[in-house]
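First the structure, in the form of structure tokens, and then the observations on it.
The values are calculated or read from the model by the stated rules, or taken from the named source; none is laboratory data. Predicted model only: the values in this text are computed from it and were never measured. Don't worry about glycine lacking a Cβ; one is built from the backbone with ideal geometry, like all the others, and counts go over all protein chains shown.
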Amino acid sequence: MKTFLIILKIVRWILGVAFLLTSLGLLIEQSFGASAILILFTIFLVPLTGDYIVSKIINLNLAGNHKVLQSINYSELHTILPIYQQNVLNHKKALSDKQKIKFGRKIYYNTLCTAIADFDLSQSEIVKLNEIKMYFNLSDQQVLSEKNRISEKTVKNLVQKCYADRVLTDLESKQITNIAIFLQFPLDKAEEIKNKIAFSLFNRILEEKISDNRLSPIKETELKQATRNLKIDHQSIKVFLSDRKIKSLQHAKLLWNLDHGIFPVIHNPSITLARDEQCYLNVNATLIENKLVHAGYSRTSTGVSFRVMKGVNARIGGGRYRPVKENIREIHPGTLYLTSSRIVFNAGGKSFQIPFYKLISHNARGGSLELVIQNKSYSLRVNYKEAEIFTLALSSSLRQYKNANDHLKIQAMREISMNENFI
């Protein structure tokens, strides 16, 4: 059916354009009558204008020139039925039962829309709606049909209004439930709408909190408070958040911790630790070595060539061979460790360690990490994120190595103790 309607719409457009071009041709030939008829036919045929006109016709007063519904002010509850009754008396023709039902449904719908506009149904408005239903003898199904026309949109608009300040109070939650019940809108669907808007707002809050790629304890507490404000339980959040989002939160939290000297501890690493030494990180890394190696010899000639006779040349002298050197790159995969007092690269015969007191500088660019000690430097290739983590942790570890009373860590531990964990 849907495909048929699409094809029908395309055909209407094609015919409409054809009739329009024909009418323009007739207009050029000064056939004004035929041109006007075709233009009118085109207006009704083209979906854009035709559907609009048909919808307006449908929404016109039911009996063409009927004035039964005119002059009714739906915000004045006590005047709705009296004005209708007066309009019926002033009408020349008697209304059929079918017309009365149609007018009754229209009056019920308009009254309902006016009453529900402020999302606060008073007792007098409910009584008036029931009175209209009884007066026109509307069935429960007819009333439900009129409510269904606005129920979903009304509930959605109310939820958005309640969440405008990013806080849903118990009173507002009860208001949403009461409106949904009155409009006979399924409560599970109302809950779906509420959750969708709440999760959308929470996602916006979350993005704001980690915009700097850091998740502090204070921000975690604010995220927990946001879930309470939005009436989202923590279990639902776990379902809502994608694995990618959870990993980004964990990464942002790790970066904040490392920046403030709070390290994870690796127990029983594959390297031997000194007494009181702790291993903080281990990442896959590749050592890059550029070497100048012997690649063979090249010969240079120092002889003289002369002509002996026509077609015959002779050469005397000699030459010598020179060694050829070539730059090559060797790679050695291994594991890079960070401890509380040194850097260790474990790669078999290419392993090395750098105690902190020997480290002159360190630098990370993209996925490259350069470690400089006296008269030597090490170039390592590391995953981009792991390089960021390692250099951040190295800076904090060096700071604590130089000063055991790291004020940043002390402040961070105090902040952690006063706040809540979100992830």
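Report the residue count in region 9-37 for those that are surrounded by fewer than 13 Cβ atoms within 10 Å (Cβ to Cβ) and not in a helix (DSSP H, G or I).
2
Which of the residues belonging to region 97-124 are within 21 Å of SER71 (Cα to Cα) and charged (D, E, K, R)?
Of everything in region 97-124, those that are within 21 Å of SER71 (Cα to Cα) and charged (D, E, K, R) turn out to be LYS100, LYS102, ARG105, LYS106.
How many of the residues in region 82-124 are under 16 Å from PHE182 (Cα atoms), touching a residue at least 12 places away in the same chain (Cβ under 8 Å) and either surrounded by fewer than 16 Cβ atoms within 10 Å (Cβ to Cβ) or of a type in the set (A, V, I, L, M, F, W, C) (or both)?
Number satisfying all stated conditions: 8.
On the basis of being among the β-branched types (Val, Ile, Thr) and modelled with pLDDT of 75 or more, does ILE57 make the cut?
No; evaluated as a whole, the condition is false for this residue.
Anything in region 338-364 that is among the aliphatic types (A, V, I, L, M) and under 15 Å from GLU386 (Cβ atoms)? List them, or say none.
Within region 338-364, LEU338, ILE343, ALA364 qualify.
Is there a residue being among the small types (Gly, Ala, Ser) and under 30 Å from ASN229 (Cβ atoms) anywhere in region 137-144?
No, there is no match, as no residue in region 137-144 is among the small types (Gly, Ala, Ser) and under 30 Å from ASN229 (Cβ atoms).
Any chance you could count how many residues in region 187-227 are farther than 24 Å from ARG414 by Cβ and in a helix (DSSP H, G or I)?
Final tally of qualifying residues: 23.
Can you name every residue in region 228-255 that is touching a residue at least 60 places away in the same chain (Cβ under 8 Å) and either out of contact with any Pro (no Cβ under 9 Å at 6 or more places or on another chain) or of a type outside the set (A, V, I, L, M) (or both)?
ASN229, LEU230, LYS231, ILE246, LEU249, GLN250, HIS251, LYS253, LEU255
Mind listing just one residue for me: the one in region 351-396 that is of a type in the set (Val, Ile, Thr) and outside any strand (DSSP E or B) and, of those, farthest from the chain's Cα centre (by Cα)?
ILE360
Within region 256-276, take every residue that is of a type in the set (A, V, I, L, M, F, W, C) and surrounded by fewer than 12 Cβ atoms within 10 Å (Cβ to Cβ) and give me the one that is farthest from the chain's Cα centre (by Cα).
Applying the filter and picking the extreme gives ALA274.
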